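Data first, discussion second: the structure below is written as structure tokens.
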Amino acid sequence: TGRRFQGEPRFVMNVPMPTGLQLQPLLKVGTLVYQFDYPETQVLHREYADIEVPFSLRFQKRFNTDISGFAKVAHIFQPRLIYASSLFRSQESAHPFFYRGAPDDLEALSNPRFDSLDYVFEYEYARYELINRFVRESGPGSVHRFWLVQLSQQINSKRNEFDARFKKRLGPLELLTQVDIPPFSFQAQGTLQVEPTANKFTGEEMHEAGWSATIAYDRGDGDQVSLGTRSTRTADPTTNEDYFRLGGAKKLPTFFDVFGSVEYDAHTGSMGAYEWGFIIANKPVSCWSFRITNGKRRDGVQYAFFTFNLLLGAPGEFNQQYKSL
């Protein structure tokens, strides 16, 4: 058995830039401390340092319309380039916990790590993002983003077979769009791997891809319903997904509310995961809540847990970077 402690201070430098330019370097240093009880009691530690340098431009154009609720609209275009690299990695221990075989080596699975952080991979990449935001003035001094479109891709100069993020030289094309016009909201995202991958069973070259989308109705009083879907096509057909998810929540005139969701697996033609539960809290306003949840995962494992939430503060309703149109 083993226990891990992570310390990770981050240092952000705000560099003064002319209007329309943004540069905010980030330096992250950390240590991982492990205590192992097998085969003998010992304490090991590993150190690492990473750097990330995002640079972006910002352009904005305003429009006036005769559409109710959209009289003042602005389009904000932000091309963004990010350079990130692992600066330092301490030497890996020979302890069995850190054994690293080939990606398909079954023995490598005999010593599973807590999570991917325990690999502490070396990496170096450049990532570009083309971000389009459309905002509207929804009231005096209140600006609301109602549409986001973002296209991104990552180019890895250091590849790693153990981490899907750095396995290919070219990362997947990523497209994200969000629409928020209360009481409705919509989000869709998709990925397309540019570099082909051989099918695990047939050996045929293919481009891995996936997409997901969710449409939701939220009255703002606690009643909400959403419908989501997800589909993936990978080099391992046994991991492909095709499912729909229906979820919702209902506010009741008592001390608790109810919520639930259910999934339909179109790939297998059967009902999949589900979840339901109660939220207990003082009404109409409470700084605490108690959640009781019961459900079943996609792999058939049933679960139940209790969660206590304490709200100490909440972010502003609107993104202050837009201020006023």
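The values are calculated or read from the model by the stated rules, or taken from the named source; none is laboratory data. Source: prediction; values computed, not measured. Using ideal geometry, Cβ is built from the backbone for each residue, glycine included, and neighbour counts are taken over all protein chains shown. Keep in mind that these areas ignore ligands, DNA and RNA; they rest on the heavy atoms of the full protein, side chains included. Shrake-Rupley method; radii C 1.70, N 1.55, O 1.52, S 1.80 Å.
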Response to the item:
Listed residues Gln154, Gln24, Gln193; largest mean-square fluctuation, Gaussian network over the chain with Cα springs below 10 Å, found at Gln24
Worksheet entry | Sequence-distant aspartates and glutamates (8 or more away, or on other chains) whose Cα lies within less than 15 Å of Lys61 | Glu137
Worksheet item: How high is the relative contact order of the chain, in percent, with contacts defined as C-alpha pairs under 8 Å that are six or more residues apart?
Response: 8 percent
Worksheet item: Once the whole set of protein chains is in place, how much accessible area is left on Phe63, using a 1.4 Å probe, in Å² to the nearest 10?
Response: 90 Å²
Worksheet item: Taking the Cβ of Leu173 as the center, what net charge do the other residues with Cβ under 13 Å away carry, scoring Lys and Arg +1 and Asp and Glu -1?
Response: -2
Item to complete: Could you tell me the accessible area of Ile280 in Å² (1.4 Å probe, neighbours in place), rounded to the nearest ten?
Response: 40 Å²
Worksheet entry | Exceeding the 25 Å Cα-Cα cut-off - candidates Lys72/Lys250; Lys167/Lys296; Lys168/Lys200; Lys251/Lys296 | Lys72/Lys250; Lys167/Lys296
Practice prompt. Work out how much length Val258 to Tyr99 would gain on full extension: take 0.36 nm times their residue separation and subtract the Cα-Cα distance, in nm to one decimal.
Written response: 52.7 nm
Worksheet item: Exactly which GluC sites (Glu not before Pro) in the stretch 133-237 are in a DSSP loop and have at most 14 other Cβ atoms within 10 Å?
Response: Glu161, Glu204
Worksheet item: On full extension of the chain, what length is gained from Phe114 through Phe186, given 0.36 nm per residue of separation minus the C-alpha to C-alpha distance?
Response: 22.5 nm
Practice prompt. Rank these residues by their accessible area, most exposed first, probe 1.4 Å: Phe98, Phe11, Phe77, Phe146.
Written response: Phe11, Phe77, Phe146, Phe98
Worksheet item: Pick from Pro39, Pro79, Pro237: which is most flexible by mean-square fluctuation in a GNM of the chain where alpha carbon atoms under 10 Å apart are linked?
Response: Pro39
Item to complete: Take each of the peptides 180-187, 90-97, average the number of other beta-carbon atoms within 10 Å over its residues, and list them starting from the highest.
Response: 180-187, 90-97
Practice prompt. Mind sorting out which of (i) 0.96; (ii) 0.99; (iii) 1.34 is the real Rg/Rh (Cα atoms, Kirkwood Rh) computed from the coordinates?
Written response: (ii)
Discussion item. If I stretch the segment between Asn309 and His207 completely, what's the gain in nm (0.36 nm per residue apart, minus their alpha carbon distance), one decimal?
Written reply: 32.5 nm
Worksheet item: Considering only protein heavy atoms, what is the solvent-accessible area of Lys251 at a probe of 1.4 Å, reported in Å² to the nearest 10?
Response: 90 Å²
Worksheet item: What part of the accessible area of the chain, given as a whole %, is carbon or sulfur when the probe is 1.4 angstrom?
Response: 60 percent
Response to the item:
On the formula 1/(1 + (r/R0)^6), with r taken between the Cβ atoms of Gln302 and Arg3 and R0 of 25 Å, the FRET efficiency rounded to 0.05 is 0.35
